[in-house]
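Notes to accompany the following structure.
Any read-out appearing in this document is the output of simple, stated calculations on the displayed coordinates, not a laboratory observation. Keep in mind the model is a prediction, meaning the values are calculated, not measured. Reconstructed Cβ throughout: ideal geometry from the backbone, glycine too, with neighbour counts over all protein chains shown.
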């Protein structure tokens, strides 16, 4: 009986495993060596939106116009062969010779993707149970079975073929520049040791057609003869072609000529160059097509897949719409460098940046739907050396007294909290790590000396007492002020005018900035110097700072080891006399004291602010600006080192007119299309 139960359990387990393998997450087909991966969480997208609204948007954008065939018409996403109960993946792999971009899409049961999407591609023999097609140029291959489709494309890296041995292997014709055509050898003119403008002008008229300026610099006239010899046979005999003579050759000093080398680039040379480039491009494409054909099977079923990367699989599958993972910062950094810059940069600059870029690992970005808020969350790992430098910088506590001075009304605020002592202590190490390399030769040695000098001369503790590293800035409501301006009164008879000083009402944003300072002597001495120069005055402990009578006045106050700076005297007066009206919003306090950095803008305040400041808004932006009054906040936060990772987030609170933020975005997109 036990054997029978065991046998049944085994069969049931195998059945479940087989079913699971057929419908398994496509991440198992993402190769381990992927430099970055994008996960499109179809289930979350569908759950937080609606097929009807997505269909309407895609239809109005004409997304289905070129899909399907004469036999099969595609009019909605339901007609596509895709399955929306599993995630789709986009990844990239890199080598020194090429890169591949892979797209993995889940397919629904009974799909006809070969007929519907890939009918124009050329068929290939099946492989590992997959039907296959290839593009005309051979640079894209697709394969599908009953569960998924892989689209693999990419290109060769041009600089890989610049190596002589590689070029010879693939038949690439590398350019050979002689001295006359090289970009490094500039044409020069001859100038006598003793420069005389008049003598040069006379000599130019008689000899080399040299043009001079008022400082005695000479340029050689354009030498048509050297570049138009091939046209001599085409010139009629009765045409008197009098080309300028060549420049005289002397042993005098050389001066750079403003005429660029490419001015002497003949049409025939240009055509030869174009033909050579076309031939080389064809050979590169053929080489890549052959590499793709050889590698494709390994991408269908990778021997090692990307599931080993912890943070690739770690995200909120219920609310995350798109999940991005990158192996390290270098993987992203290299994508931003054009391929034709790589040969020069990989030795001079990229190599130096690698040490810094590789310090940031397992980079993650998530687009998260949280009710009426869309969030872009990010985090990354630090290597041991970078963590050792960064960790002490974030060990700082925000001054709790700041909570007393949070204004009730404001447009936005920003807080920053770090240990200035730790930053200054580690600053020399950062300089040495970034610049102290043999790649910079003597500069690297100088960087070491500078780092040592800073380490010796900086008194971190003393500087930290002057400015501790915790800062809080509020942009308050708009303040009405009177401003002087100059107008002109014209006399229509004489056309004379005279200046008239006038005043007008204007609005300016007020601010309140505070930071901790246990040693305020340097600030007080600077202000005392300003008083002696009649640029600063003091009343009841509030300093009034201005350069000219027409300039905006800045005020400063010292209280409770805090330096307050503002352009609103009344606010500082209220702080000094303990009359300040403090906000009771606990959310603001939580944001300020729980994050290393916080930046918040109240979008609902923007339309009125724009109106008061008189900022013009173009007509097509009217709808968006007016709608901002319905929005909540834009919030950017960053947290310091926690378990070896730096985290941050940007969040936007959308109007609550739809079910959630994604639905609202789709509805706004429809309105934009219809306009």
### Message
Taking a ≥ b ≥ c as the square roots of the Cα gyration tensor eigenvalues, with a/c under 1.5 meaning rounded and otherwise prolate when a/b beats b/c, else oblate, which class fits segment 556-675?
### Response
oblate
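Under 8 Å for C-alpha pairs, at least 6 residues apart: give me the relative contact order for segment 455-536, rounded to a whole percent. Walk me through the intermediate numbers first.
Details: 99 pairs, mean separation 29.6, N = 82.
36 percent.
Compute the relative contact order of segment 76-126 as a whole-number percentage, counting only Cα pairs closer than 8 Å that sit 6 or more residues apart in sequence.
On the way: 40 pairs, mean separation 17.3, N = 51.
This gives 34 percent for segment 76-126.
Taking the highest mean first, how do the peptides 368-375, 131-138 order by number of other beta carbon atoms within 10 angstrom per residue?
Values: 368-375: 18.1, 131-138: 16.1.
Ranked by mean Cβ neighbours within 10 Å, highest first: 368-375, 131-138.
Quickly rank 472-478, 631-637 as a protection proxy: mean count of other C-beta atoms within 10 Å, highest first. Numbers along the way, then the final one.
On the way: 472-478: 20.0, 631-637: 17.9.
Going by the mean number of other Cβ atoms within 10 Å, highest first, we get 472-478, 631-637.
So what's Rg/Rh here for segment 31-100, counting alpha carbon atoms and using the Kirkwood radius for Rh?
A ratio of 1.10.
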#### Entry: Prolate/oblate/rounded call for segment 84-150, Cα gyration tensor, a/c under 1.5 rounded
oblate
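Students often check this: by mean Cβ neighbours within 10 Å, which of 405-417, 310-322 ranks highest, and how do the rest follow?
Numbers: 405-417: 19.1, 310-322: 16.2.
Result, highest mean Cβ count within 10 Å first: 405-417, 310-322.
Over segment 557-675, calculate the relative contact order: mean separation of alpha carbon pairs under 8 Å at least 6 apart, over the residue count, as a percent. It would help to have the intermediate numbers written out before the result.
Numbers: 109 pairs, mean separation 22.1, N = 119.
Contact order relative to length: 19 percent.
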### Query
For segment 470-653, which semi-axes, largest first and in whole Å, follow from the square roots of 5 times the eigenvalues of its Cα gyration tensor?
36, 29, 14
